[in-house]
Structure formats: C-alpha cells, structure tokens
Amino acid sequence: MILFPCFGHSESKNKEDEYKTLRLQMVDQQIIRRDITDPNVLEAMRTVPRHLFVPEGYRNEAYHDGPLPIGKGQTISQPYIVAIMTELLQIDSTSKVLEIGTGSGYQAAVLAEISDSVYSIEIIPALAHHADSLLDSLGYGMVQVRAGDGYKGWPEAAPFDAVIVTAAAPKIPQPLIEQLKPGGRMVIPVGELTQELMLITKSEDEFIKRSIIPVRFVPMTGEVQEK
Ligand code: SAH
C-alpha cells in the first residue's frame, strides 16, 4: 500500500475538485445552453475527466470552449462538438459503437460512459497506444482500441448501432456505411476546406443523409484519400 503525505494528497484532491467545478460549468454554459438535452450525454460529460486527456501543459484550458492540440498535429474536439455528435448517435447502454479517430481517447470515454460496447480505431500508433493505456487506467478498459486505418471499419465486430468519425473525410467511406445495422446512425464530418457534419440514418432499404452544422476537423488520412 502506498501512503501519500497528507498535504500532497489534499492538494491534489483540491485540484480535482477545481476541475470538477470547471467541468460542471462547461456542461451548463457550453452544452446545455446550446440545446443539448440527452441526459446520458450531459451526465457523461459531467463525469469524464477531460483534463486528463489533454497534454499536461494544456490542463488549465481543458474545459475551455474550443479544441486543443494533443500532439502529432492532431486535436481533441471542442466539448460542444463532442456533445452534439454523441447526441446525434442516440445510443444507450445496449448500443454497439464504432469510433474512427481515437485521438486522445476523450470521445471514446464519453461513449463508454453511455454504452457498454465501444470500439475505436486510430491511424497514428503512438496516439492509439497512449489512448488505450489512459482509457485502461481510468476504468474504461472495456473500450477496444486498435491502431490502423479506420477506412474499412472493424468487420469482426460489425454491425454497429452507431458509427462516429472524428476526422473529416472527402467522402463517406462505403465500408463504414455497410457496417451499420438497419436503423443505425452514423455521424461524420464531410468535406475538405469547408466541411459539414452529416448524420446518416440507415433504414431497411435506404440511407437518409442530413447536414447538421458546418464544422472544422483534421483530415481523415489513409485509404479514403486515394479514392
Ligand atoms: N476523437 C478524438 C479526436 C480526434 S482528432 C478525441 O476525442 O481526442 C482525429 C483523429 O483521427 C486523429 O488522431 C487522427 O490521427 C485520426 N485519423 C485520421 N485518419 C484516420 C483513419 N483513416 N483511421 C483512423 N484514425 C484516423
């Protein structure tokens, strides 16, 4: 057993309390005020310690209203964008969810607060490994993280109730659409310089596409760029 000196322990507890206060304010001011209402999404974002998913030098900005760098030229999305994308997926504890673009692992942790079955693929191995061990250490070990190109999805685990892509694709990758269950939902930023967040809903025999809001994401790399 490790005994922490009393001072150090209470000091870090105070810091965690401060982050918790900032997190609750983030949800009130940035998420609820912009009309996100799904109680599962709000509770997940009140719970996941976003400050632990950003590099140490950015911890004090973790609850600000914007994206932040996470290394390797990539970013963790603005909290509101995480919230709206998660809400659009309409998931619950029984949903099987696939994320393309693990990045820091933050979005995967938000998904894992809601759903018991989360798969996430990250093309940059160093980010995949970092996110995987961070998720494990924070009790999100049920998230399965794979290093690789997410273009072809995760066929062994398909079909999914929901697919979320957190990098912008020039067009919607067909294999991901095919891995949706009937009734399934996919959210994906589509475009290059200008991008739109698209919601695709699969019914028995067709796909319904809806444009939600303009967004700006880092590009999806790999095979999607070759087509
Ligand atoms: N969801 C992340 C943010 C991701 S930023 C979070 O919560 O922190 C987008 C991520 O998508 C980057 O880490 C980038 O490396 C990754 N990415 C880009 N193209 C990809 C591809 N083809 N397959 C899997 N991951 C990809």
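The values are calculated or read from the model by the stated rules, or taken from the named source; none is laboratory data. Quick caveat, the model's predicted, so the values are computed rather than measured. Positions of Cβ are backbone-derived with ideal geometry, glycine not excepted, and every protein chain shown enters the neighbour counts. Surface accessibility is based on the protein's heavy atoms, side chains included, excluding ligands, DNA and RNA. Shrake-Rupley method; radii C 1.70, N 1.55, O 1.52, S 1.80 Å.
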Item to complete: Using the heavy atoms of the protein chains and a 1.4 angstrom probe, tell me the accessible area per residue for the stretch 83-133 in square angstrom.
Response: 29 Å²
Fill in: Stretchable slack from R34 to E61, in nm (0.36 nm times residue separation minus alpha-carbon distance)
7.7 nm
Discussion item. From the alpha carbon gyration tensor of the chain, can you work out the equivalent ellipsoid semi-axes (sqrt of 5 times each eigenvalue) and give them in Å, largest to smallest?
Written reply: 30, 19, 17
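Which of the residue pairs K96/K152; K171/K202; K20/K96; K96/K171; K20/K152 have a Cα-Cα distance greater than 27 Å in the structure shown?
K20/K96; K20/K152
Taking all protein chains as present, what is the carbon and sulfur share of the accessible area of the stretch 13-225, in % to the nearest whole number, probe 1.4 Å?
C and S atoms contribute 50 percent here.
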Worksheet, complete the sentence: Length gained, E11-K72, 0.36 nm per residue minus C-alpha separation, equals 18.8 nm
Worksheet, complete the sentence: With +1 on the Cβ of every Lys and Arg and -1 on the Cβ of every Asp and Glu, the dipole magnitude of the stretch 13-225 about its Cα centre, in debye rounded to the nearest 20, is 340 debye
Worksheet item: Normalised by the residues of the stretch 13-225, what does the relative contact order come to in percent, with Cα pairs under 8 Å and at least six apart?
Response: 15 percent
Worksheet item: Could you sort T37, T221 by accessible area so the largest value comes first, with the probe set to 1.4 Å?
Response: T37, T221
Worksheet entry | Rounded to 10°, Cα long-axis angle of helix 6-26 versus longest principal axis of the chain | 40 degrees
Discussion item. Taking a virtual spin label 7 Å from the Cα of A126 along the C-beta vector, which residues in the stretch 68-102 bring their backbone nitrogen under 17 Å of it?
Written reply: 69-76, 102
Practice prompt. Could you rank T201, T21 by how accessible they are, 1.4 Å probe, largest area first?
Written response: T21, T201
Fill in: Segment R210-E156, length gained on full extension (0.36 nm per residue, minus Cα span)
16.6 nm
